[in-house]
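**Student:** Dropping the structure in here first, questions after.
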Amino acid sequence: MSFTVEETKIKLQSTGDDLVFFVNGKKITEKNAEPEITLLTYLRRSLGLTGTKLGCAEGGCGACTLMVSKYHPHQNRIIHHAVNACLAPLCSLHHCAVTTVEGIGSVASKLHPVQERIAKAHGSQCGFCTPGIVMSMYALLRSNPQPSMHDIQEAFQGNLCRCTGYRPILEGYRTFTKVKPTVDDNSMLPAQKLYDQSEFMPLDPTQEIIFPPELMVRIKLRELRFVGERVLWIQPCSLKELLELKATYPNAKLVVGNTEVGIEMKFKNLLYPVILAPAYIPELNIIQHTQDGIEVGASVTLTVLGDVLRAAVKKLPAHQTEVFKAVLEQLRWFAGQQIRNVAAVGGNIMTASPISDLNPVFMAAGCKLTVMSKGATFLLLFFCGQYFSAFKQSPRKEDDIAIVTSGMNVLFKEKSNIVQSIRISYGGMAPVTVLATATCNRLLNRQWNEELLEQACTSLAEEMSLSPSAPGGMVTYRRTLTISLFYKFFLTVQHKLALDLRMEVFNTLDSPSGVQLYQVHINSDDVVGHPIMHLSALKHATGEAIYCDDIPCYENELRLALVTSTKAHALIKSIDTSDAMEVPGVVAFISAKDIPGSNLTGPVTCVGHIVGAIVADTQAHAQRAAKAVKISYEELHPVIVTIQDAIANKSFYQPVRSMERGDVAQGFKDSDHILHGKMHIGGQEQFYLETNCTVAVPRGEDGEMELFVSTQAASKTQALVAKALGVPANRVVCRVKRMGGGFGGKESRSTILSTVVAVAAYTLAFFFRTKRPVRCMLDRDEDMLVTGGRHPFFGHYKVGYMNNGRVNALDVTLYSNAGNSMDLSLSILERALFHMDNSYNIPNIHGTGYICKTNLPSNSAFRGFGGPQGMMIAESWMCDVALSCGLPAEEVRRMNMYKEGDFTPFNQRLDQFTIDLCWEECMQLSDFNMRKEAVEQYNRQHRWTKRGLAIIPTKFGISYTAVFLNQAGALVHVYSDGSVLLTHGGTEMGQGLHTKMVQVASKTLGIPCSKIHITETSTNTVPNTSPTAASVSSDLNGMAVYNACQTLLQRLQPCIDKNPKGCWEDWVSIYFLAFNYFSYGVAVSEVEIDCLTGSHKNLHTSIVMDVGKSLNPALDIGQVEGGFMQGLGLFTLEELRYSPDGYLYTRGPGMYKIPSFGDIPIELKVSLLRDAPNEKAIFSSKAVGEPPLFLAASVFYAIKDAITVARAESGLTGPFRLDSPATPERIRNACEDKFTKLVCINFHSFPWLPL
């Protein structure tokens, strides 16, 4: 008999069992275990262990990785696994031992070698991902103390890093293997060491944390129940119990790894009042070899399944293991190691995902699934199939969801090539995995030859059809893949038939190698120029580095959750918060009417537009209540999403920018040829690992507010919060300890959260008379929804050029997608126009830029700030010119490059121009000429894979902020609204010291005392203060204040001279930035594309970067590599997809893919240009953060070079359009051939818009 909802609620009121587990060797007995709480939340909020980070809450980034150990009674051994704490339910950890990054070592006590090596190898920059990477490596070493590089790369498949470019992490951890780093003997210069490997502590496995003996005692299994606020968690101990429970609770969900149900409850707002956890039921963990195959219990994890199948492949005859090898091939690319360690076979099957990795294999193999009458499942794998292959095509090779998956199985009549039976299954072509039944029937009793191939391809084109508006989009590509994958299978089987070969050749993980070159400075006493480790690197590696959300919770702290618009363009008719206010713990709903200061109201103009916020006692309650808020809309039209929509509706912000030099019209008349072209460059999410976070603490006196914010712009945050609160800027203090990545995304967009949190704290203090701090750290999906990212650009160009490739005239029109506000879009567009020439001297040039107003969250700053978009379009027309002339692209580029003393289109003279030096060194470093010959030879020998090569320069303008405030014994802050914040070294204890100091400042600056405010004495503003004693405080601090104010007045004097009749506010407001110099670089990249699937491999990249006289070569090389990899994502991988209604589909690492460890070029060389000091910056250095990003365009144009060769095989020559990013879909569709012609789509609807 099943229970009703009311009866279930009564059950929830009963008392549950104690949850017993260990954390870092300490026993934890939780008497009120909450089933809805994850291990991550428990560690951070209940135990105060903040080293484990929240990056995505869906198991896709690895920031929350830790190690879970448990005793396996059947194997009589302890198993150590890396696990995503953000998905692991707390209740699943009964009798487990958890090890976090804090548990293996610390700066204060002793570091673990895993922590030390990543830090000293310069494998940590922002450090937010570092603890997760450390724990992935640590868990691997606990199971395998001397792993191979393949093992290490596989262990990191579930970890992401946005800063480093991955290379230093792998190189640092390579020292745990027996393999010595490869040395490039052909390099023109010896590689210098960025760290001394001999200093590393040895790994001693005997010194690791002891597994608690208490957990190794065999305890009789019994049913466990954990009762929560809304959910009952039951862990049965036998199959009989499970069947009875399932009958009692027919709607209960079965959870083993929580990799699906956890996502549904978190992101789909689903509630499952009863959860059954069958992970420890012996019958469901069975692995039994039989004459028919291998029986695998439904609770067996994918990692264990892989171990079993690998052992079987080694032991059994090859013809009996075809299916096993196919499953293993799919498992290699199935999610990350952390997910495979907990996800169960049965759960993967029963999820019935339309893009399942394994179900097509099981279906094609004819595997049997035994379902017991009341729910338990068993899987039986047969040794069926004479020839078997499995395929998975995804945007990113590692840890990515599939676009199309397939299993193909053919059995021939004895001693012949006549098909006896064939099964072809596909995922991604229907709501469920499907068999191509009609095609299979047509191929029976046919010979395996070209005639069969033609019949199969034609039949698949008909049978595997998709509606043009099919969910997921990419319809042409997906249909083409069904044919291309079969062709791959056809070739494989044909090859095996010819050789009677029954051994599957696996793709291997290529182990990347790297070379780093820089100029060594002889003077060892001067720290400038030496590769010194990041000062916080060790704290990053131990989890001791404090980020905004790591700040300990205040005793009476509240949590905030945003309420956002679900419409892209609409008027709000009403907001109903009645259901939300009934959620336990809810304190208030904050909306526009609660803003005491400045606020502009109007219609919502994007999905994700912040409408209000819920404040509650916990994050879970706040988020639950926020989802319960009901908003009634009146929709407005049009909804403008794309640049094309904006052009059609003439939806632009003003002003329109233009730039011109020379006589463009005459230049076109004097040219031998003129070509026209277009290019679209997609947007990009910053994907900083630490999402936006703010803690607002109302101080209560004079409207003071203290903010702890993860922001790049503390002053801007302060100014906007003050404006929203209606108080002077001197009443708001903003503190920033460190950020877990920013990349421009926290320059202006972080303020949309910090203002909301500040208003909530202020409102509660002012209206509710409760001074309670308010905290909010956005979940990844929320952050991606509301913040915007890099501007998508569309450019069309007209180029006039001579027969030899010399460009004579250029006319470019750029359109940027700004979103629903200007934000920084004008400056970004201007920088794109400044870089429309890249590194090429065009005598007659004209550029026009339009800022498109659309119904998307406002796009903002991102590393490069418009420069990469402008340069990308420049390289597009340069590529077209080379193709039209039939000349090598590198010759055409070199011919058109600037020279020393040339002038840019904005009349800036190019002094200390080093790009020619970078070019020559990069040609040598990459062995370009030999490499090109090898590429051409490879392409002559291969039809369906092609290699491409490209060399790309960059010229990036650098500007720096003039220093406005200096620190002395006193620090005086002058804000743009004219208010002054004064800080000094003395303390106020009733003697009136602060009052006197305000008087001194008032007299010196000549402004009223009302404009000056003192908040506190703090060592983070004035260090090394003397005690306030001996009656000298007024003298000492007063003189310090006087000197600081005099310094300010001297700096403001030019502003005063320009406007002597102006006021204080006028003089302060015109202190501005200046343009300074250029950074230069060149990169060579070689790639290999699969013409049948569109996949590509990054084989080689050489980079030469001019950073002047490097302040720290290790950090600069890290910036070069990290920027390059971020550009690699921009130009080849990352794609934001929106619906026509402005809804963002790609809202987390599950759908939005940034580069992973497997995307590093197999060979990566980085050289910092020597003997190129820069007299315009500190110690002759140059900026290095943004310039290297564009060099990843060399990979894009190498891909285009390879596509050009592939198209030539089909008789297609000349320029062709390839938009960015060069995804597998775009690459495959550009490689037109006989298979693409079978699939012809007439689009009338396109539901997923790439931006």
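**Student:** What are the residue pairs meeting all of these: first residue in the range 454-477, first residue farther than 30 Å from Tyr1143 by Cβ, second residue among the polar types (S, T, N, Q) and open to solvent by 20 Å² or more (accessible area, probe 1.4 Å), Cβ atoms under 9 Å, and 6 or more apart or on different chains?
**Tutor:** Here the result reads Glu463/Thr437, each pair linking the range 454-477 to a residue that is among the polar types (S, T, N, Q) and open to solvent by 20 Å² or more (accessible area, probe 1.4 Å).
**Student:** On to the next question. Working only within the range 554-568, note down all residues that are open to solvent by less than 50 Å² (accessible area, probe 1.4 Å) and in contact with a strand residue (DSSP E or B) (Cβ under 7 Å, 6 or more places away or on another chain).
**Tutor:** Of all residues in the range 554-568, those open to solvent by less than 50 Å² (accessible area, probe 1.4 Å) come to 557-565, 568.
Across the range 554-568, the qualifying residues are Glu557, Leu558, Arg559, Leu560, Ala561, Leu562, Val563, Thr564, Ser565.
**Student:** Same structure, new question: Within the range 1-37, take every residue that is open to solvent by 80 Å² or more (accessible area, probe 1.4 Å) and in a loop (DSSP other than H, G, I, E, B) and give me the one that is modelled with the lowest pLDDT.
**Tutor:** The residue in question is Met1.
**Student:** Restricted to the range 105-119, and to residues that are part of a loop (DSSP other than H, G, I, E, B) and of a type in the set (S, T, N, Q), which residue is surrounded by the most Cβ atoms within 10 Å (Cβ to Cβ)? Write out each step before concluding.
**Tutor:** So the first thing to find is which residues in the range 105-119 are part of a loop (DSSP other than H, G, I, E, B), and the list is 105-112.
When the remaining residues are screened for being of a type in the set (S, T, N, Q), the result is 106, 109.
Working: Ser106: 19, Ser109: 7.
Filtering first and then ranking leaves Ser106.
**Student:** Which members of the range 69-86 meet the condition of being surrounded by 23 or more Cβ atoms within 10 Å (Cβ to Cβ) and modelled with pLDDT under 95? Let's see the steps before the verdict.
**Tutor:** Step one: of the range 69-86, the residues surrounded by 23 or more Cβ atoms within 10 Å (Cβ to Cβ) are 82-86.
If the condition is that a residue be surrounded by 23 or more Cβ atoms within 10 Å (Cβ to Cβ) and modelled with pLDDT under 95, then no residue fits.
**Student:** Answer yes or no as to whether Thr813 is β-branched (Val, Ile, Thr) and either within 30 Å of Thr1146 (Cα to Cα) or open to solvent by 20 Å² or more (accessible area, probe 1.4 Å) (or both). Talk me through it step by step, then tell me what you get.
**Tutor:** On the way: β-branched (Val, Ile, Thr): yes; either within 30 Å of Thr1146 (Cα to Cα) or open to solvent by 20 Å² or more (accessible area, probe 1.4 Å) (or both): yes.
For Thr813, the condition - β-branched (Val, Ile, Thr) and either within 30 Å of Thr1146 (Cα to Cα) or open to solvent by 20 Å² or more (accessible area, probe 1.4 Å) (or both) - is met.
**Student:** Go through the range 318-330 residue by residue and tally those that are modelled with pLDDT of 90 or more and either among the aromatic types (Phe, Trp, Tyr) or open to solvent by 10 Å² or more (accessible area, probe 1.4 Å) (or both).
**Tutor:** 4
**Student:** If the requirement is being open to solvent by 10 Å² or more (accessible area, probe 1.4 Å), within 19 Å of Asp1159 (Cα to Cα), outside any loop (DSSP other than H, G, I, E, B) and acidic (Asp, Glu), which of these qualifies: Glu102, Glu154?
**Tutor:** Criteria check complete, one pass: Glu154.
**Student:** I'd like to verify a number: residues in the range 733-774 that are part of a loop (DSSP other than H, G, I, E, B), polar (S, T, N, Q) and open to solvent by 10 Å² or more (accessible area, probe 1.4 Å), how many? Spell out how you get there, then give the answer.
**Tutor:** We begin by selecting, within the range 733-774, every residue part of a loop (DSSP other than H, G, I, E, B); these are 736-750, 767-773.
Subsequent filtering for residues that are polar (S, T, N, Q) retains 748, 750, 770.
If we keep only those that are open to solvent by 10 Å² or more (accessible area, probe 1.4 Å) too, we end up with 748, 770.
Looking only at that region, the number is 2.
**Student:** Of all residues in the range 263-317, which are open to solvent by less than 50 Å² (accessible area, probe 1.4 Å) and of a type in the set (D, E, K, R)?
**Tutor:** Residue satisfying the conditions is Glu264 alone.
**Student:** Does the range 1205-1221 contain any residue that is open to solvent by 10 Å² or more (accessible area, probe 1.4 Å) and among the polar types (S, T, N, Q)?
**Tutor:** yes
**Student:** Open to solvent by 20 Å² or more (accessible area, probe 1.4 Å) and of a type in the set (Asp, Glu): does that describe Glu875?
**Tutor:** no
**Student:** May I pose another question? Select, from Leu47, Leu66, the only residue that is farther than 24 Å from Cys163 by Cα and at pLDDT 95 or above.
**Tutor:** Answer to the selection: Leu47.
**Student:** What's the number of the only condition in (1) farther than 25 Å from Pro1188 by Cα; (2) of a type in the set (A, V, I, L, M); (3) open to solvent by less than 10 Å² (accessible area, probe 1.4 Å) that Met802 fails to meet?
**Tutor:** (3)
**Student:** Applying the selection to the range 825-849, what residues are in contact with a Pro (Cβ under 7 Å, 6 or more places away or on another chain) and among the small types (Gly, Ala, Ser)?
**Tutor:** Ser839
**Student:** Consider the range 194-237. How many of its residues are in a helix (DSSP H, G or I) and open to solvent by 30 Å² or more (accessible area, probe 1.4 Å)?
**Tutor:** Residues that pass the stated criteria total 9.
**Student:** Further question on the same structure: When the range 645-665 is examined, which residues are found to be more than 30 Å from Asn820 (Cα to Cα) and open to solvent by less than 80 Å² (accessible area, probe 1.4 Å)?
**Tutor:** Matches in the range 645-665: Arg661, Gly662, Val664, Ala665.
**Student:** Moving to a separate point now. Looking at (1) modelled with pLDDT of 95 or more; (2) in contact with a strand residue (DSSP E or B) (Cβ under 8 Å, 6 or more places away or on another chain); (3) crowded, with 23+ Cβ neighbours inside 10 Å, which is the one condition that is false for Pro698?
**Tutor:** Result: Pro698 fails condition (1) only.
**Student:** Next question, about the same structure. Scan (1) over 34 Å from the mean Cα position of the chain (by Cα); (2) within 24 Å of Pro250 (Cβ to Cβ) for the single condition Ser353 breaks and write down its number.
**Tutor:** With respect to (1) over 34 Å from the mean Cα position of the chain (by Cα); (2) within 24 Å of Pro250 (Cβ to Cβ), Ser353 is out only on (1).
**Student:** Within the range 395-440, track down each residue that is hydroxyl-bearing (Ser, Thr, Tyr), open to solvent by 10 Å² or more (accessible area, probe 1.4 Å) and either under 24 Å from Lys1153 (Cβ atoms) or more than 41 Å from the chain's Cα centre (by Cα) (or both). Before the answer, list the steps.
**Tutor:** First pass over the range 395-440, keeping only residues hydroxyl-bearing (Ser, Thr, Tyr): 405-406, 416, 421, 425-426, 433, 437, 439.
From what is left, the residues that are open to solvent by 10 Å² or more (accessible area, probe 1.4 Å) are 416, 421, 433, 437.
Passing the criteria: Ser416, Ser421, Thr433.
**Student:** Just need a number here: residues in the range 597-619 that are at pLDDT 95 or above and small (Gly, Ala, Ser).
**Tutor:** So the count comes out to 4.
**Student:** Residue check, Phe964 against (1) modelled with pLDDT of 75 or more; (2) within 30 Å of His835 (Cα to Cα); (3) open to solvent by 20 Å² or more (accessible area, probe 1.4 Å), all met but one. Which one?
**Tutor:** (1)
**Student:** Follow-up question, since we're still on this one. If I ask for residues that are more than 28 Å from the chain's Cα centre (by Cα) and hydroxyl-bearing (Ser, Thr, Tyr), which ones from the range 23-57 would you list?
**Tutor:** Those that are more than 28 Å from the chain's Cα centre (by Cα) and hydroxyl-bearing (Ser, Thr, Tyr): Thr29, Ser46.
**Student:** Hey, another quick one. Identify all residues within the range 120-142 that are closer than 17 Å to Gln337 by Cα and assigned to a loop (DSSP other than H, G, I, E, B); write none if there are none.
**Tutor:** Listed by number, the list holds a single entry, Cys129.
**Student:** Can you tell which of Lys240, Lys253, Lys246 is more than 33 Å from the chain's Cα centre (by Cα) and either touching a residue at least 40 places away in the same chain (Cβ under 8 Å) or surrounded by 16 or more Cβ atoms within 10 Å (Cβ to Cβ) (or both)?
**Tutor:** Lys246
**Student:** Could you look through the range 778-796, keep only residues that are open to solvent by 10 Å² or more (accessible area, probe 1.4 Å) and assigned to a strand (DSSP E or B), and pick out the one that is farthest from Arg45 (Cα to Cα)?
**Tutor:** His796
**Student:** Can I ask one more? Can you say whether Ile595 is more than 27 Å from the chain's Cα centre (by Cα) and either of a type outside the set (Val, Ile, Thr) or open to solvent by less than 30 Å² (accessible area, probe 1.4 Å) (or both), as far as the supplied structure shows? Please lay out each step first, then the result.
**Tutor:** Details: more than 27 Å from the chain's Cα centre (by Cα): yes; either of a type outside the set (Val, Ile, Thr) or open to solvent by less than 30 Å² (accessible area, probe 1.4 Å) (or both): no.
For Ile595, the condition - more than 27 Å from the chain's Cα centre (by Cα) and either of a type outside the set (Val, Ile, Thr) or open to solvent by less than 30 Å² (accessible area, probe 1.4 Å) (or both) - is not met.
The values are calculated or read from the model by the stated rules, or taken from the named source; none is laboratory data. Every value quoted in this text rests on a predicted model; they were computed, and no experiment measured them. Glycine also receives a Cβ, built like all others from the backbone with ideal geometry; neighbour counts cover every protein chain displayed. Keep in mind that these areas ignore ligands, DNA and RNA; they rest on the heavy atoms of the full protein, side chains included. Shrake-Rupley method; radii C 1.70, N 1.55, O 1.52, S 1.80 Å.
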